[in-house]
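K.L.:
Quick one: the structure is below, and I'll ask about it shortly.
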Amino acid sequence: MTHTSILRFPDGFLWGAATAAHQNEGGNRNNQWAAWEQQPGRIHNGAVAGAATDWWNLETAAADFDRAAELGLNSLRLSVEWSRIEPEQGVFDQTALRKYTEMIGLLRARGIEPMVTLHHFTDPLWLTDLGAWENSRVEGYFTRFVARVVEALGDQVTLWCTINEPLVYAYLGYLGGYFPPGVNDPRRAFNVLRRMLLAHGRAYRTIHRLQGNARVGLAHNVRVFLPGDPARAADRYAVALLDRIANRNVYDAITRGRLNPPLGLGQQVTHLIDACDYIGVNYYSPGRAAFDPARPGQFFTRQFLSPKAELSDITPNGEAYGEIDPHGLYLALTQAAAYGKPLYITENGVPDHDDDVRPRFIATHLAETWRAIRDGADVRGFYHWTLVDNFEWAAAWSLRFGLFDFDRETQTRTPRTSAAVYSRIAQANGVPVNLLEQVAPGYGSGLDAGS
C-alpha cells in the first residue's frame, strides 16, 4: 500500500461535529436541567452550565462556525431549545425563533449544512410540571412545538433529528437516577421511552406534511454488547437480551412500527411504521455482559469493563467512561444497516483531557466506518462529539470531548492536535492511510484502500 492511498468516503459525505443547545448556548434557565443544576449533589462539583460556550451570543457562535469551516467541516448538528421557543405552554417566542433562523443562516453562509435536533434531553419547566414524558398528552405538545420550528426554519433546514437518545433520557432519568427527575422505576422508564418513540412517529409525519423534501430520523445511543465469555451460552443469551432491549426494540419501533416487550405486547402502531428516513447512530463504547442469576433487576445480567481493554478518561464516579473499541462502531453500523435505512453517525467521540487518545480514536473509528461502507452500510455522514468542550450534563466540565480546548473563565478556544487530524480527514473526504499509520501504527494493515 502506497503512502498516497486513502480510505475514500462517498461523494457528498457529511463531515460534521455534534452539539446541543443547553450544553452550548448558555443562559438557559427555564428547563428541567437548569432546575436540576440548583439541587445539591446533582452535578459534579456543584457546577452549572451558566454561560456554557456562549452560543446564544451570535458573534461567539459565528466564530465557532468559522472554526468548523476552517477545519473543512461541511455540516453541524445542533439542537433548538424547547424552553426558549415555547417558554409557557402554548406561548411561542418569535424572537427566539428568529435568533435560531439567524444562527442557521450563519452556518449556511459558511457552506455548513445544519442537522437540527428538536429534543436533546431538555424540557421546558411547564412540561415538567405536567409530568413531562409521562403525560399522555406529551405527543401533542411535542408535535405542536415541532410544527412551529419547521414552519420557522424549514426554508433553511431539510435534515432533522426528532429526539436525541430517547433510551438514555428514559434510562438515566427514570432508572439510573443520574438525570432528572432522578428516580429508579423500570415501569416508568419504559413508559417514558414508549411515549418518546410514539412522539417521534408523530413528529416524523408532521415534518413530512410540512416539508416534502425533509430527511427525518432520530439519534439512538447504540450499545454493542459483547459476551463476558463467548464460549458460555448463558453469557451469549445475556448479550442477546440486552441488545434486544437497548437496540433492536428501538429499531423495530421506528422502522416496523412494532412495540415489543417491555415497550408493549408486540402491537404495531400505524404512525410508527417506516417512521424514519435515516437512523442516527451514536456510538462511544461497547458493553460487556455476563449472565448473573443474582441480578433480576438488571435482567439477570452483569455489565463490566474488560481488564484488558484500553479505557477512556475517568468520570466523576471514579470509573472509566468506557472501553475504546473502534470495531464496535463497525458492528453498530452493520447491525443498523440491516434495517434498510441510510445511516448517519450522529455522535462519536471520547473524553480525553490531554488529547493523547483522540487523534487515534478519530482515525480508527473512521477506518471502521469505511469498512462498514465497503461492506454495504449506507453511511452518509459523521458527526464528531464535539466541536468545543462543553457542559457534559451531570459530569459538568470534568469530561473534555472537544476538538477545541475551552477555558470557562476566559471563553478561550485552543485547537487540539485531534482537530488537525479530523481536518485532514474531512478535507480529503477519507482517511489517508499514512495518517492512520502515524496515529495508529499497524491499524491499516490488510485494508485495501486503493489510491
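Please treat every number below as a calculation from the coordinates, not as lab data. Keep in mind it's a predicted model, so treat the numbers as computed, not measured. With ideal geometry, Cβ positions are generated from the backbone for all residues, glycine too; neighbour counts draw on all protein chains shown.
K.L.:
On a C-alpha basis, how far is the centre of the stretch 322-366 from the centre of the stretch 75-121 in Å? Whole number, if you could?
P.N.:
27 Å
K.L.:
Could you work out the local net charge near residue 239, counting Lys and Arg as +1, Asp and Glu as -1, over the other residues with Cβ closer than 13 Å to its Cβ?
P.N.:
Combined, the nearby Lys, Arg, Asp and Glu give +3.
K.L.:
Another question about this same structure. Provide the packing ranking of 229-235, 377-383, 245-251, i.e. peptides ordered by the mean count of other C-beta atoms within 10 Å per residue, highest first.
P.N.:
Peptide ranking by packing, descending: 377-383, 245-251, 229-235.
K.L.:
Suppose only helical runs count, i.e. DSSP H with n ≥ 4. What mean residue ellipticity at 222 nm does that imply for the chain under -39500 (n - 2.57) per run, divided by all residues and rounded to the nearest 500 deg cm²/dmol?
P.N.:
Only helices count here, giving -11000 deg cm²/dmol.
K.L.:
What distance in nm lies between label points placed 7 Å from Cα along the C-beta direction at residue 295 and residue 314?
P.N.:
Each label point lies 7 Å from its Cα, and together they span 2.2 nm.
K.L.:
Could you give the nm distance between label points at residue 88 and residue 274, where each point is 7 Å from its Cα heading toward the beta carbon?
P.N.:
4.3 nm
K.L.:
Rounded to whole Hz and in sequence order, give me ³J(HN,Hα) for the stretch 351-364 from the Karplus expression 6.51 cos²θ - 1.76 cosθ + 1.60, θ = phi - 60°, writing x for Gly and Pro.
P.N.:
x, 7, 4, 9, 6, 8, 10, 4, x, 5, 4, 5, 5, 6
K.L.:
Can I ask one more? Mind listing the long-range amide H neighbours of residue 287? Cut-off is under 5 Å, sequence gap 5 or more, other chains count too, H placed in the peptide plane at 1.01 Å from N.
P.N.:
Amide H neighbours of residue 287: 224, 225, 226.
K.L.:
Moving to a separate point now. Provide the net charge surrounding residue 36, with neighbours chosen by a C-beta distance below 13 Å and charges set as Lys +1, Arg +1, Asp -1, Glu -1.
P.N.:
Net of charged neighbours comes to 0.
K.L.:
Next up: Ordered by residue, what ³J(HN,Hα) values in Hz, to whole numbers, does the stretch 301-311 give under the Karplus form 6.51 cos²θ - 1.76 cosθ + 1.60, where θ = phi - 60° and Gly and Pro are x?
P.N.:
10, 10, 9, 7, 9, 6, x, 9, 7, 6, 10
K.L.:
Now a separate question. Amide H neighbours of residue 282 under 5 Å, at least 5 residues apart or on other chains, H built in the peptide plane: list them.
P.N.:
220, 221, 222, 346, 347
K.L.:
While we're looking at this one, here's another question. Between residue 392 and residues 5 or more places away or on another chain, which pairs have amide H atoms under 5 Å apart, with H built 1.01 Å from N, and which residues are they?
P.N.:
Here the answer is 397, 398, 399, since their amide H atoms fall under 5 Å of that of residue 392.
K.L.:
Within 10 Å of each residue's Cβ, count the other Cβ atoms and sort 291, 121 from fewest upward.
P.N.:
291, 121
K.L.:
Going by how many other beta carbons lie within 10 Å of each one, how would you line up 241, 76, fewest first?
P.N.:
Ascending number of Cβ neighbours within 10 Å: 241, 76.
K.L.:
If you count, for each residue, the other Cβ atoms within 10 Å and average over each peptide, how do 415-422, 216-223, 305-312 line up from highest to lowest?
P.N.:
In descending order of packing, they fall as 216-223, 415-422, 305-312.
K.L.:
In addition: Quick one: Kirkwood hydrodynamic radius for the stretch 226-348, alpha-carbon pairs, angstrom, one decimal?
P.N.:
Hydrodynamic radius (Kirkwood, Cα pairs) of the stretch 226-348 is 16.0 Å.
K.L.:
Right, another one. Quick check on the chain: of the DSSP beta bridges with both residues there, what percent are antiparallel, nearest 5%?
P.N.:
Close to 30 percent.
K.L.:
Rounded to the nearest 0.05, what FRET efficiency do residue 205 and residue 108 give with R0 = 30 Å and r taken as the Cβ-Cβ distance? Could you check?
P.N.:
0.70
K.L.:
Using unit Cβ charges (K, R positive; D, E negative) and no other charged atoms, how large, in debye to the nearest 20, is the dipole of the stretch 378-451 about its Cα centre?
P.N.:
In total the dipole reaches around 120 debye.
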